[in-house]
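Chemist: Below is the structure I would like to discuss, written out as structure tokens.
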Amino acid sequence: MTLIFLNGATSSGKTTLARELQDRLDSPHLLTGIDDAFAMLPRHLHNHRDGFYFDRDRRQKVRLNFGEFGLATLKAHHRAVAAMAKSGIDLICDEVILTDKLRQDWMTVLAGLDVIFIGVHCSLNELQRRESARGDRVIGQAEGQIDVVHDGMAYDIQVKTTVLPAQGVADQIVREIAAIPPSSR
């Protein structure tokens, strides 16, 4: 079992990249991610202080924040991903690590598993262009995440999605995964 963990700001191309990886990897990999945690939440807890909501951080940047039930949902999602990985199924997780507390929780629940951590980076200008073009994102979210999403992370592989198409980045990841000895993950 291998868990490929993609971490990067919103609109950095993680989901598209994950789909490309599914097409290229030798074994079938299920795809899950933070959007699944959001989708599980009852509608009345979206844009609600107990669930998930947007505000501004100490830098006055747009931040996706969470209340008590939102945090519980994210932690439950972490444990569900770990349980799926422990079941022996190969998995890709498309994630945005929003805080140090969430990063620590991820590291705790993934300890002892075969995880390949991949940092997905994209320039701020391109993130802003994609965020605006998508039409389904709070504008400013990517700018608020770009400086915090990679804090404290140690990656096995780092990729840039600013210019290279997802197919090329996926090919790069597949080559780099093949070069990582299983014992060093």
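The values are calculated or read from the model by the stated rules, or taken from the named source; none is laboratory data. Values in this document were obtained by computation on a predicted structure and should not be read as measured data. Cβ coordinates were reconstructed from backbone atoms using ideal geometry, including for glycine residues, and neighbour counts include every protein chain displayed.
Chemist: Given (1) farther than 23 Å from PHE66 by Cβ; (2) surrounded by 14 or more Cβ atoms within 10 Å (Cβ to Cβ); (3) in contact (Cβ under 8 Å) with a residue 12 or more places away in the chain; (4) out of contact with any His (no Cβ under 7 Å at 6 or more places or on another chain), identify the lone condition not met by ALA154.
Modeler: Here ALA154 meets the rest and fails (2).
Chemist: In region 81-99, what residues are in a helix (DSSP H, G or I) and in contact (Cβ under 8 Å) with a residue 24 or more places away in the chain?
Modeler: Taking region 81-99 first, the residues in a helix (DSSP H, G or I) are 81-86.
Within region 81-99, VAL81, ALA82, MET84, ALA85, LYS86 qualify.
Listed here are the residues, each with its yes/no results for (1) part of a helix (DSSP H, G or I); (2) in contact with a His (Cβ under 6 Å, 6 or more places away or on another chain); (3) within 26 Å of ALA111 (Cα to Cα); (4) not small (Gly, Ala, Ser).
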| position | (1), (2), (3), (4) |
| --- | --- |
| THR32 | no, no, yes, yes |
| HIS48 | no, no, no, yes |
| ARG59 | no, no, no, yes |
| LEU74 | yes, no, yes, yes |
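Chemist: Taking the condition out of contact with any His (no Cβ under 8 Å at 6 or more places or on another chain), modelled with pLDDT under 95 and among the acidic types (Asp, Glu), does ASP94 pass?
Modeler: Working: out of contact with any His (no Cβ under 8 Å at 6 or more places or on another chain): yes; modelled with pLDDT under 95: no; among the acidic types (Asp, Glu): yes.
So ASP94 does not fit the description; no.
Chemist: Give the residues of region 100-136 that are assigned to a loop (DSSP other than H, G, I, E, B) and free of Cβ contacts under 8 Å to residues at least 40 places away in the same chain, sorted by residue number.
Modeler: If the condition is that a residue be assigned to a loop (DSSP other than H, G, I, E, B) and free of Cβ contacts under 8 Å to residues at least 40 places away in the same chain, then ALA111, GLY112, SER123, GLY135, ASP136 are the ones that fit.
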